[in-house]
Amino acid sequence: MYLKDYPHAIAKRQYELLELNREIRRHTQSVNFFLASIDRQIAYDTTLKNEAQRKAKRFELMQEDTEYLAASQALDEATEKRDKLTVELDFLRNQFGILKLELRDAIATKENLTTSFPVLP
């Protein structure tokens, strides 16, 4: 990849990251909706006598609720994808920075060589 290609590639990854963050927010809302539904079921269950029973019932309902499990899995997958994309974005930024430094060094070296030796008439 050429130096001029990096800003576009970085911007493209940033837009992908924005989309993933939006997707993660949607999945988080879904997970929270299903958890609230589970918590309502527990709140209205008069057979549960103490906190330990309520926690056990909550865990049981979470494991049985296929919609919750699907939303939770989708959230996990999107989060993992976002984390990988963040690493890619950081890598691109670092490569871009290194290339800029190398180019500056080459320019400085060239300028140094041309100013070190005066041109003889």
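The values are calculated or read from the model by the stated rules, or taken from the named source; none is laboratory data. Since we're looking at a predicted model, the values are computed, not measured. Reconstructed Cβ throughout: ideal geometry from the backbone, glycine too, with neighbour counts over all protein chains shown. Please note that ligands, DNA and RNA were not included when accessible areas were found on the heavy atoms of the full protein model with its side chains. Shrake-Rupley method; radii C 1.70, N 1.55, O 1.52, S 1.80 Å.
Which condition does A71 not pass, out of (1) more than 23 Å from T28 (Cα to Cα); (2) open to solvent by less than 40 Å² (accessible area, probe 1.4 Å), if it passes all the others?
Condition (1) is where A71 drops out.
Please list, ordered by first then second residue, the pairs with beta carbon atoms under 8 Å, 6 or more apart or interchain, first in region 58-85 and in contact (Cβ under 8 Å) with a residue 40 or more places away in the chain, second of a type in the set (V, I, T) and part of a helix (DSSP H, G or I).
From residues that are in contact (Cβ under 8 Å) with a residue 40 or more places away in the chain, the pairs are A71/V31; S72/V31; L75/I24; L75/T28; L75/V31; A78/I24; T79/I24; R82/I24.
Just give me the residues in region 50-62 being within 30 Å of L85 (Cα to Cα) and either open to solvent by 50 Å² or more (accessible area, probe 1.4 Å) or assigned to a loop (DSSP other than H, G, I, E, B) (or both), in sequence order.
Across region 50-62, there are no qualifying residues.
Taking the conditions exactly as written (in a helix (DSSP H, G or I), touching a residue at least 40 places away in the same chain (Cβ under 8 Å) and more than 24 Å from R25 (Cβ to Cβ)), does L103 satisfy them or not?
yes
For region 38-49, check the following and say yes or no: at least one residue is surrounded by 13 or more Cβ atoms within 10 Å (Cβ to Cβ) and touching a residue at least 24 places away in the same chain (Cβ under 8 Å).
Within region 38-49, one or more residues are surrounded by 13 or more Cβ atoms within 10 Å (Cβ to Cβ) and touching a residue at least 24 places away in the same chain (Cβ under 8 Å).
Among the residues of region 24-37, count how many are open to solvent by 60 Å² or more (accessible area, probe 1.4 Å) and over 15 Å from E67 (Cα atoms).
Going through region 24-37 one residue at a time, the tally reaches 1.
Of the conditions (1) loosely packed, with under 11 Cβ neighbours inside 10 Å; (2) at pLDDT below 95; (3) more than 30 Å from L101 (Cα to Cα), K4 satisfies every one except a single condition; which number is it?
Status for K4: all satisfied but (3).
Please verify whether A108 is of a type in the set (G, A, S), without any contact (Cβ under 8 Å) to a residue 40 or more places away in the chain and surrounded by 10 or more Cβ atoms within 10 Å (Cβ to Cβ), treating the condition exactly as stated.
Considered against the rule, which asks whether it is of a type in the set (G, A, S), without any contact (Cβ under 8 Å) to a residue 40 or more places away in the chain and surrounded by 10 or more Cβ atoms within 10 Å (Cβ to Cβ), A108 comes out as yes.
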